[in-house]
Amino acid sequence: MTVELEAVLNRHLGTQVSGLRRLAGGASHATWAFDIGDRQLVVRREVDSGLLASDMRGEFDLIAALHAQGLPVPEPVLCVTDEARAFMVIGRVDGTDLRKALAGGVERTDLGRRAVQLQAQVHATEVGGLRGDGPAGEVHHWATVIEQAKAPVDAVLAAALAWLSQHLPDAAELTLVHADFKANNLLVGPGGGLAVLDWELAHRGDPVEDLAWTMLWTTRDDLVGGLLSAADYLAHYAAVTGRHVDPERLRFWQLLAVVKLWSIFLTGLRADTVSPTLLLMGRSTVWLQARALDLLRVR
Amino acid sequence: MRADGLTTLTAVAGFLDDEVVLAVPPEMAGEVRAAAKLLRTAATELAVRHREVAVEIDDLLALCEVTEPDAVRLLRSRATEDLAAQEDVREQVHELASHVMARLDGLGLDVFLHCLGEHAARRQSWQAVFPVPEGAR
């Protein structure tokens, strides 16, 4: 595969690339690093067993628009959609992941607050041409993904979907939401600045949807539960944006976040190629069951 | 070293972690570690699975019996000690419970949610992606 990918890159970039090496994969793509002279680049390419429907062109155009507005995202270089598997070439961001940055002594609360400021900056950024259906559309989207996964009926998941359909929040101001804003999509640069990667799930939506997804991830190295408590996270977001989060709206989007992740994990169990990582995720739906029940039983 | 099923799963997990992960290309190391975790959680699950799933089936059928006595009677007749067949029955019970829950709200629904919460809590150590709550280990 390396030889084939190198040939494709050489052809489209019009030069000889070097140092092509595989990096970690994502839900719907594989990522490789390579160099052209001193220039350090990354190629993200669709995979056959992707968990999510990929829109490589849409994601690339979004990154280009954000980069042009000065947001800390990878530099866009090239997007190709007429090969067997679409791919994009972007600049390699100089930085380390949050876990390594924290091990190196970066202060947790300060890093957490800067991450919140960055998330708020994303929500304040105007970008055209993105899909955005609001709460009903999001529920329908992920319910459809679950149906297509053809998994056995789970009573908790069915109850969660029913609750979401019956408790749609009022229409809110729609903004750009990253929709996967969490620690492993953030890099800390040499000067301490943060960059945001992986925009494949981004769309126009309720900013509380974005907050709820971030709040789903709560290990010691995550933004919420690790760098900031949930209360501090929401308080700092309110201080930066003036948006005070309604608890019932948050509860809706937190349950939607659980359903969204559940649907992604179920899709992984359908993949034609056995992947221990995808199997591991599929077995973790019991944790999502427990989290969904916590949210359903709130009074 | 014993060679029973559960010990074997754990031993192979150790082999993957200690030997294989060092011998594969770096981009495959994550999958090997994931495979080791899978084997360990499978051993944890299999040690208690038959008993736990039987309890889950009984709990949900008891809740469904008032409104769906015939369906419950049929599913009870399928009780089995075969693990694969038992999982099929559990899936059918979940389908029935979903059907019943869809017609409920308030306290009636809460009883089901509480029951399902107990089941989910006892399964937390069967997964290795999210932190396992204390007391569920």
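The values are calculated or read from the model by the stated rules, or taken from the named source; none is laboratory data. On a predicted model such as this, the values are computed, not experimentally measured, just so you know. Heads up, the Cβs are rebuilt from the backbone with ideal geometry, glycines too, and the neighbour counts pull from every protein chain shown. Surface areas here come from the heavy atoms of the whole protein model, side chains and all, with no ligands, DNA or RNA. Shrake-Rupley method; radii C 1.70, N 1.55, O 1.52, S 1.80 Å.
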Taking a temperature of 37 °C and a viscosity of 0.692 mPa s, what whole-number D in µm²/s does Stokes-Einstein yield for chain B with Rh from Kirkwood over alpha carbon pairs?
-> 190 µm²/s
Angstrom value of the Kirkwood radius, inverse mean 1/r, which spans all Cα pairs in the stretch A:155-232 = 14.4 Å
Once the mean 1/r over all distinct Cα pairs of the protein assembly as shown is inverted, what Kirkwood radius in angstroms do you read off?
-> 23.7 Å
In degrees rounded to 10, the 0-90 angle between helix A:108-123 Cα long axis and the longest Cα principal axis of chain A is 90 degrees
Of the DSSP beta bridges with both residues in the protein assembly as shown, give the percent that are antiparallel, rounding to the nearest 5.
-> 95 percent
In Å, descending, principal axis extents of the Cα set of the stretch A:7-128 = 46, 35, 29
Fraction of accessible area attributable to carbon and sulfur, the stretch B:9-123 (%, probe 1.4 Å) = 59 percent
Once the other residues with Cβ under 14 Å from the Cβ of B:Pro25 are scored (Lys, Arg +1; Asp, Glu -1), what is the net sum?
-> +1
Quick one: give the max-minus-min coordinate of the C-alpha atoms of the stretch B:9-89 along each principal axis, largest first, in Å.
-> 57, 22, 16
Magnitude of the Cβ-charge dipole of chain B, K/R +1 and D/E -1, about the Cα centre, nearest 20 debye?
-> 240 debye
Identify all lysines with a Cα-Cα distance to A:Lys260 below 22 Å; exclude those on the same chain that are fewer than 8 residues away in sequence.
-> A:Lys150, A:Lys182
At a probe radius of 1.4 Å, what is the per-residue accessible area of B:Glu95, in Å² to the nearest 10?
-> 110 Å²
Calculate the dipole size of the stretch A:182-299 relative to its Cα centre from +1 charges on Lys and Arg beta carbons and -1 charges on Asp and Glu beta carbons; express the result in debye to the nearest 20.
-> 340 debye
The summed charge of the B:Leu107 Cβ neighbourhood (under 15 Å; Lys/Arg +1, Asp/Glu -1) stands at +1
FRET efficiency, B:Val132 to A:Gln16 (Cβ-Cβ, R0 56 Å, nearest 0.05) | 0.70
Rounded tilt (10° steps) of A:56-68 against the dominant C-alpha axis of chain A = 90 degrees
Highest-fluctuation residue, A:Ala158, A:Ala257, A:Ala212 considered, GNM on chain A with Cα pairs under 10 Å = A:Ala158
Place +1 on the Cβ of every Lys and Arg and -1 on the Cβ of every Asp and Glu in the stretch A:72-153, take the dipole about the Cα centre, and give the residue among A:Gly105, A:Trp142, A:Gly95 whose Cα lies farthest towards its positive end.
-> A:Gly105
Give the relative contact order (percent, whole number) for the stretch A:34-146; include only Cα pairs under 8 Å separated by 6+ residues.
-> 22 percent
Do any residues of the stretch B:69-101 lose at least 20 Å² of accessible area when the full set of protein chains is present rather than just their chain alone, and if so which, with a 1.4 Å probe?
-> B:Glu91, B:His94, B:Glu95, B:Ser98, B:Met101
Expressed as a whole number, the average count of other chain Cβ atoms within 10 Å around the Cβ atoms of B:119-125 is 5
Loop-resident trypsin sites (Lys or Arg not before Pro) in the stretch A:87-152 with no more than 14 other Cβ atoms inside 10 Å, DSSP not H/G/I/E/B, are A:Arg131, A:Lys150
Please label the shape of the stretch A:166-299 as rounded, prolate or oblate, based on the square roots a ≥ b ≥ c of the eigenvalues of the alpha-carbon gyration tensor (a/c under 1.5 means rounded; beyond that, a/b larger than b/c means prolate, else oblate).
-> oblate
Using +1 on the beta carbon of Lys and Arg, -1 on that of Asp and Glu, and nothing else charged, what's the dipole of chain A about the Cα centre, debye to 20?
-> 680 debye
Tell me, what is the per residue accessible area of the protein assembly as shown in Å², probe radius 1.4 Å?
-> 47 Å²
Over the stretch A:71-220 - Rg/Rh using Cα atoms and the Kirkwood inverse-distance radius = 1.01
Relative contact order (%) - criterion: Cα under 8 Å, at least six apart; region: chain A | 17 percent
In the stretch A:191-288, with Lys and Arg counted as +1 and Asp and Glu as -1 at Cβ, which of these residues, A:Ala202, A:Pro247, A:Gly191, has the Cα nearest the positive end of the dipole, that is, farthest along it?
-> A:Pro247
Neighbourhood charge, 12 Å Cβ-Cβ cut-off, centred on A:Arg243 and excluding it, Lys, Arg +1 and Asp, Glu -1 = -3
